[in-house]
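Below is one structure, written out as structure tokens; the observations come after it.
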Amino acid sequence: MKVVQIKCPRCQQPINSKVKDLAFYCSHCRTMHVRDGGVNVIDFDIAEFNPGAQQDRVYMPFWRLFTNFNINQSKSAGGAIYKLGKFLGGGSNSGNVFIYIPAWETNVSEFKHWAIGLTEAQPMYSLRNDFNNIERTPTVVTREEATQMADFVIVTMEAEKPGTLQYLDYSLNVQDTRLVYMPYVRGQNGFAPGL
Amino acid sequence: MSLSVGLNCPACGGAIKVNEGEHVLNCQYCGSTLWAEGDAGVLTVAYKNMQDRDGVLRATEQWWRKGLKARDLRKKGRLLECYPIYLPFWSTVTRVAGWICGYEERTYQDRDGHSHTERIPKEEMVLNDYNYTNIACDPGDLGIKRLRNIGGEASFADFESIPTFESTTSKDDSVNGSKEKALQDARRDAGVPHVTFEKVTIIPKSISQIYYPVWVVRYSYGERMYMATVDGVTGNVLSGRAPGDPLYQSLAVTGGTSLGGLIAAAGLIVGAGSDDGTIMFGGVIVGLVILGVTYMFFRHGSEIIEGDFEDKKMKNPLKDIGIELGGLRI
Ligand SMILES: [Zn+2]
Ligand SMILES: [Zn+2]
């Protein structure tokens, strides 16, 4: 085993982090990189906090997968409306959707709550170009694991509409992945959106 | 297990501790973020042995008194040896996320005696982290393949004094085995009898190696040798072989055969006077099953087996049915 110092692949500055985070952020040149079978610079977004959110602010990382999907056939017992149709519009069977996968350590129920919640909301946010010294939750989920979870999110949204899903023939392609830092405010009852 | 041998921070030269199984680490001296390249190995934990010889023997004697074991085991059982060992296990967490859809069929009879089959559609989400702990070496005759409870005080303090079995199965085999088992368990948990759609993603979340203290007790009863294993953390019996009780055994055999014969005969008699052949057929089948089980119980002699033994599939149902037959006698 060999141990190396993690340096920014763009400006060569060493990365200093007190937590074990798989997403390495260089605060000098604002480059984010991961080490998934190589040193890879990744795209990332930092969403701007609502000016009203001033205290206990924290950034939560999500893998945002830009996907193209196509429903060939969906059969349910009872209930009729495609939930997924909402993203496609106008009776179309294919389209694009952003799937959000929580990238920090979650248990299964938290995972589902965050993934479905954000994917259904398709949030709009304005960007900023630094973290403004706000704490960010460490990323532990790899890009590959997030991509594998995309199917679960899509099928869950289709299954949780009225009626009992009996058959779903679809195709799903992940066209782009991006780490998105969403703003939250820590409260007594967990996290509240800070958008 | 933390390794710090010969590894130094490439930035400041300070000695660093690498937690096995982790790639990212932080230098405690200069704060640099470091990356462990290559195979980072597997996190290894050993649990401290909390039992002593007396406690283990007491647990074994208590176990002798349970179930259909020979009643004079406490008098005639002779202890041959009693010693602790460390057994290696792979401990895995596997996340399963998906949906299994389909239907269940229910058949019912209406007032006119016509039977109808109803289809009840089902959609089941499977979302679970499955934890498995499988033995990482050949367990030999110990009857241990997995641990139900993992816990206790992590410590390598006893590693010098207790013989340790080395791990012989690979990490990859363990991960793949856990993936297969997780899919099977997810399907079982979903409980959809007729599947029309299934989309399940299986992601290995973690793997670690555990050295667990187990006490081996070997004893004799009459001419034959038997054994038991005792959990070195909890003090519970994990597995064992023991002589069965001749009285219980013979009661089960006579009760079983006579009951089996009676049911089979009753099936024939009732069946002969009925238009419906199913009664006869059913009676004969039930009778034959009981006869068969009794025969197996008898054939395998008076041995009571508990734990994950290779031949357990053959013997486990016997034990269960033996107890049921006992209930029927009363
Ligand atoms: Zn940089
Ligand atoms: Zn250092």
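The values are calculated or read from the model by the stated rules, or taken from the named source; none is laboratory data. The structure presented is a predicted model; accordingly, all values stated were derived computationally and were not measured. All Cβ positions, even for glycine, are placed from backbone atoms using ideal geometry, and neighbour counts span all protein chains on display. Quick note on the areas: whole protein, heavy atoms, side chains included, nothing else; ligands and nucleic acids left out. Shrake-Rupley method; radii C 1.70, N 1.55, O 1.52, S 1.80 Å.
Quick one: is A:VAL34 surrounded by 16 or more Cβ atoms within 10 Å (Cβ to Cβ), at the interface with chain B (Cβ under 7 Å from one of its Cβ atoms) and part of a strand (DSSP E or B)?
Details: surrounded by 16 or more Cβ atoms within 10 Å (Cβ to Cβ): yes; at the interface with chain B (Cβ under 7 Å from one of its Cβ atoms): no; part of a strand (DSSP E or B): yes.
When the stated conditions are applied, A:VAL34 does not pass them.
Considering (1) in contact with a His (Cβ under 8 Å, 6 or more places away or on another chain); (2) within 16 Å of ligand 2 (Cβ to nearest atom), say which one A:GLN5 fails and leave the rest.
The single condition A:GLN5 does not satisfy is (1).
Do we find a residue being out of contact with any Ser or Thr (no Cβ under 8 Å at 6 or more places or on another chain) and surrounded by 14 or more Cβ atoms within 10 Å (Cβ to Cβ) anywhere in the range B:101-116? Don't jump to the end; show me each part of the working.
Narrowing the range B:101-116 to residues out of contact with any Ser or Thr (no Cβ under 8 Å at 6 or more places or on another chain): B:104, B:110-114.
Filter once more, keeping what is surrounded by 14 or more Cβ atoms within 10 Å (Cβ to Cβ): none.
For the range B:101-116, residues out of contact with any Ser or Thr (no Cβ under 8 Å at 6 or more places or on another chain) and surrounded by 14 or more Cβ atoms within 10 Å (Cβ to Cβ): absent.
One residue is enough: does the range A:38-47 have a residue meeting the conditions at pLDDT 95 or above and either away from ligand 1 (no atom under 16 Å from the Cβ) or within 11 Å of chain B (Cβ to nearest Cβ) (or both)?
Scanning the range A:38-47 turns up at least one residue that is at pLDDT 95 or above and either away from ligand 1 (no atom under 16 Å from the Cβ) or within 11 Å of chain B (Cβ to nearest Cβ) (or both).
Which residues, counting only those in the range A:1-26, are more than 7 Å from chain B (Cβ to nearest Cβ), open to solvent by 40 Å² or more (accessible area, probe 1.4 Å) and within 14 Å of ligand 1 (Cβ to nearest atom)?
Scanning the range A:1-26 gives A:LYS7, A:PRO9, A:ARG10, A:CYS11, A:GLN12, A:GLN13.
So A:MET124 ticks every box in (1) farther than 24 Å from A:THR31 by Cβ; (2) open to solvent by 50 Å² or more (accessible area, probe 1.4 Å); (3) modelled with pLDDT of 95 or more but one. Which box is left unticked?
Here A:MET124 clears every test but (3).
Scan the range B:20-47 residue by residue and report those that are open to solvent by 60 Å² or more (accessible area, probe 1.4 Å) and either more than 9 Å from chain A (Cβ to nearest Cβ) or aromatic (Phe, Trp, Tyr) (or both).
B:GLN28, B:TYR29, B:LEU43
Answer yes if at least one residue in the range A:64-84 is within 12 Å of another protein chain (Cβ to nearest Cβ), in contact (Cβ under 8 Å) with a residue 24 or more places away in the chain and within 16 Å of ligand 1 (Cβ to nearest atom), and no otherwise.
From the range A:64-84, those within 12 Å of another protein chain (Cβ to nearest Cβ) are A:73-79; that's our starting set.
Within this subset, residues satisfying the condition of being in contact (Cβ under 8 Å) with a residue 24 or more places away in the chain are A:73-79.
Okay, now just the ones that are also within 16 Å of ligand 1 (Cβ to nearest atom), so none.
No, the range A:64-84 contains no residue that is within 12 Å of another protein chain (Cβ to nearest Cβ), in contact (Cβ under 8 Å) with a residue 24 or more places away in the chain and within 16 Å of ligand 1 (Cβ to nearest atom).
Would it be correct to say that A:PRO162 is more than 10 Å from chain B (Cβ to nearest Cβ), open to solvent by 50 Å² or more (accessible area, probe 1.4 Å) and out of contact with any helix residue (DSSP H, G or I) (no Cβ under 6 Å at 6 or more places or on another chain)? First the steps, then the outcome.
Values: more than 10 Å from chain B (Cβ to nearest Cβ): yes; open to solvent by 50 Å² or more (accessible area, probe 1.4 Å): yes; out of contact with any helix residue (DSSP H, G or I) (no Cβ under 6 Å at 6 or more places or on another chain): yes.
Considered against the rule, which asks whether it is more than 10 Å from chain B (Cβ to nearest Cβ), open to solvent by 50 Å² or more (accessible area, probe 1.4 Å) and out of contact with any helix residue (DSSP H, G or I) (no Cβ under 6 Å at 6 or more places or on another chain), A:PRO162 comes out as yes.
Which ones in the range B:122-158 are of a type in the set (S, T, N, Q) and farther than 30 Å from B:LYS199 by Cα?
Initially, the range B:122-158 is screened for residues of a type in the set (S, T, N, Q), giving B:128, B:131, B:133-134, B:149, B:155.
Within the range B:122-158, B:ASN149, B:SER155 qualify.
Return the total of residues in the range B:195-216 being within 14 Å of chain A (Cβ to nearest Cβ), of a type outside the set (D, E, K, R) and open to solvent by 20 Å² or more (accessible area, probe 1.4 Å).
Our first condition is that a residue be within 14 Å of chain A (Cβ to nearest Cβ); within the range B:195-216, this holds for B:195-206.
Add one more test, that the residue is of a type outside the set (D, E, K, R), and what stays is B:195-197, B:200-204, B:206.
The next check asks that each one be open to solvent by 20 Å² or more (accessible area, probe 1.4 Å); those that pass are B:195-196, B:200, B:202, B:204, B:206.
Adding up the residues that qualify gives 6.
Can you confirm whether A:PHE49 is assigned by TED's automatic domain parsing to the domain that holds A:PRO123 and not in a loop (DSSP other than H, G, I, E, B)?
Details: assigned by TED's automatic domain parsing to the domain that holds A:PRO123: yes; not in a loop (DSSP other than H, G, I, E, B): no.
No; evaluated as a whole, the condition is false for this residue.
Find all pairs meeting these conditions: Cβ atoms under 8 angstrom apart; at least six residues apart or on different chains; first residue within the range A:11-35 and farther than 15 Å from A:ASN133 by Cβ and without any contact (Cβ under 8 Å) to a residue 12 or more places away in the chain; second residue in a loop (DSSP other than H, G, I, E, B) and within 16 Å of ligand 2 (Cβ to nearest atom).
From residues that are farther than 15 Å from A:ASN133 by Cβ and without any contact (Cβ under 8 Å) to a residue 12 or more places away in the chain, the pairs are A:PRO14/A:ILE6; A:PRO14/B:ALA11; A:ILE15/A:ILE6.
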